[in-house]
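Here's the structure, in C-alpha cells; my notes come after.
Taken together, the values in this text are just the output of simple stated rules run on the coordinates, not laboratory data. All values derive from a computational prediction rather than experimental measurement. Note that each Cβ is placed from the backbone with ideal geometry, even for glycine, and that neighbours are counted across all protein chains shown.
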Amino acid sequence: MIKRKLITLVKYSVLSVAAFLSVFPLLWMLISATNKSVDVIAGSLLPGAHLVENFRTLVERTDIFSALWNSLRNASVATIASLIVCSIAGYGFEIYHDRGKDFLMSVLLLSVMVPFAAIMIPLFMMFGKANLLNTTAGFVLPTISTAFLIFLFRQSTRTFPQEVIESARLEGLGELGIFFRMYVPIMRSTYAAAAVITFMNAWNSYLWPVIIMQKAESKTMPLLISDLIAGYVTDYGMVMLAVTISILPTILLFLILQKNFAEGITASIK
C-alpha cells in the first residue's frame, strides 16, 4: 500500500514538473507583455504596468490590424479549401479502394519526405508568372492538399459504417449526396482535428509568406513579428505583446474544438 502511494506521488510529481515546464514559457510571455524592454531583458517574473504603453507603441509602429486580418483571411481560406479537397481525396481512397489507389497513396506519403525548400524556387517562379504574388490564392494553393491530411481522412474513413453508404445508394442518393449529407456530419470530429492542424500551420507559416508576400500591406503576423526583432534596437515588451496577440486566435480555435480534436485524432489511429 505504501509502495503504491509512493509510486503515485512520484508520477504526479513528474507530471507537475512537466506541466510547469510546458506552461512557463507562455506565462513568461504574458508577463513580459506587461513590462518594459529592460525588465524583460532582466528576466522579471512580476507583472508590470506597461501593457497599455506597449500596445500603443505597437499600433504606432506597425499595422498590426492589417496583419491580423491578412493572417485570419489566409488561414481561414486555406483551412476551408484543405478540408474540402483532402476529405474528398481521403474518402475516395478508402471507399473506392483498389491496388492502384494504394500505390498512389504510397507515392503521396513519400512526398512528405521532400522538404519545402526543395520546391520553393520553382513554386515562386510559377506563381510569379501567374501573377499570384501578394494574393490569398498564392498563399493557399501550395498547401491546399497535403499527404498528411489525406492520410488522416483516409484512416478515419475506415471507421465510417459501410452500411450507411449501401443504404443510401439503395434509396437513390447520389455519391455527392452521400458524402455531404452522410459522411461529413458523421466525421465532424475528424474535420475538427484537421481544421485545428491546418489553421495552426497556415497561421504560423513563415517561409512561404516571406517569399510571396512582398508588399507591406500583405504581411501576416509571423512576418510582422519578424520585422519587430530585425532592427538594431528591439523593444521586447512590445514584441511579447505582439506574440501574445498572435497566438490568441489559435488558442481560441483549439479551446472551441478541443473535444472533437481529441476524438478525431483517436479515430484516425485506430
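The Cα-based radius of gyration of the range 197-251, divided by its Kirkwood radius, gives an Rg/Rh of 0.98. Each of Ile245, Ala195, Val52 was scored by the projection of its Cα onto the charge dipole of the range 52-268, and the greatest displacement toward the positive side belongs to Ala195; charges sit on the C-beta of Lys, Arg, Asp and Glu. Based on alpha carbons, the Rg and Dmax found for the range 142-270 are 20.1, 70 Å. The eigenvalues of the Cα gyration tensor, multiplied by 5 and square-rooted, give the range 1-113 an equivalent ellipsoid with semi-axes of 43, 33, 11 Å from largest to smallest. Taking 13 Å as the cut-off, the amide N atoms of the range 47-64 that come nearer than this to a point 7 Å along the Cα-to-beta-carbon line of Leu248 belong to 52, 55-56, 59, 64.
Converting phi to 3J(HN,Hα) with the Karplus coefficients 6.51, -1.76 and 1.60 and the offset θ = phi - 60°, the range 110-115 yields 5, 5, 5, 6, 7, x Hz in sequence order, with x at every glycine or proline.
At a Förster radius of 41 Å, what calculated FRET efficiency corresponds to the Cβ-Cβ distance of Asp227 and Ala262, to the nearest 0.05? Walk me through the numbers before you get to the answer.
Details: r = 36 Å, r/R0 = 0.88.
The computed FRET efficiency comes out at 0.70.
For the range 38-77 versus the range 1-18, the inter-centroid distance based on Cα atoms is 40 Å. Here each label is just a point 7 Å from Cα along the line to Cβ, and for Thr136 and Leu51 those points are 3.2 nm apart. Length gained on full extension, Met29 to Gln162: 43.0 nm, using 0.36 nm per residue less the C-alpha separation.
Computed about its Cα centre, the charge dipole of the chain is approximately 700 debye, with only Lys, Arg, Asp and Glu carrying charge at their Cβ.
Taking amide hydrogens as placed 1.01 Å from N in the peptide plane, the amide H of Tyr206 sits under 5 Å from that of no residue at least 5 positions away in sequence or on another chain.
With coordinates expressed along the principal axes, the C-alpha atoms belonging to the range 62-131 extend over 54, 26, 23 Å, beginning with the largest.
Each stretch of four or more DSSP H residues adds -39500 (n - 2.57); spread over every residue of the chain, this sum gives -23500 deg cm²/dmol at 222 nm. Applying D = kT/(6 pi eta Rh) to the range 98-217, where Rh is the Kirkwood radius over alpha-carbon pairs, T corresponds to 10 °C and eta to 1.306 mPa s, the Stokes-Einstein value obtained is 93 µm²/s.
Dipole size of the range 147-198 about its Cα centre, with +1 on Lys/Arg Cβ and -1 on Asp/Glu Cβ: approximately 200 debye, rounded to the nearest 20. For the chain, find the longest principal axis of its Cα atoms and tell me its angle to the long axis of helix 188-204, 0 to 90°, nearest 10. For 188-204 against the chain, the angle is about 40 degrees.
Selection among Leu255, Ala230, Leu104 by position relative to the dipole of the range 52-268 gives Leu104 as farthest towards the positive end (Cβ unit charges, Cα centre).
Axis of helix 64-95 versus longest Cα principal axis of the chain: the two differ by about 20°, to the nearest ten degrees.
Please express the shape of the range 52-268 as an equivalent ellipsoid: the semi-axes are the square roots of 5 times the eigenvalues of the C-alpha gyration tensor, given largest first in whole angstrom. Spell out each step's value before the answer.
Details: eigenvalues 287, 85, 40 Å².
The equivalent ellipsoid of the range 52-268 has semi-axes of 38, 21, 14 Å.
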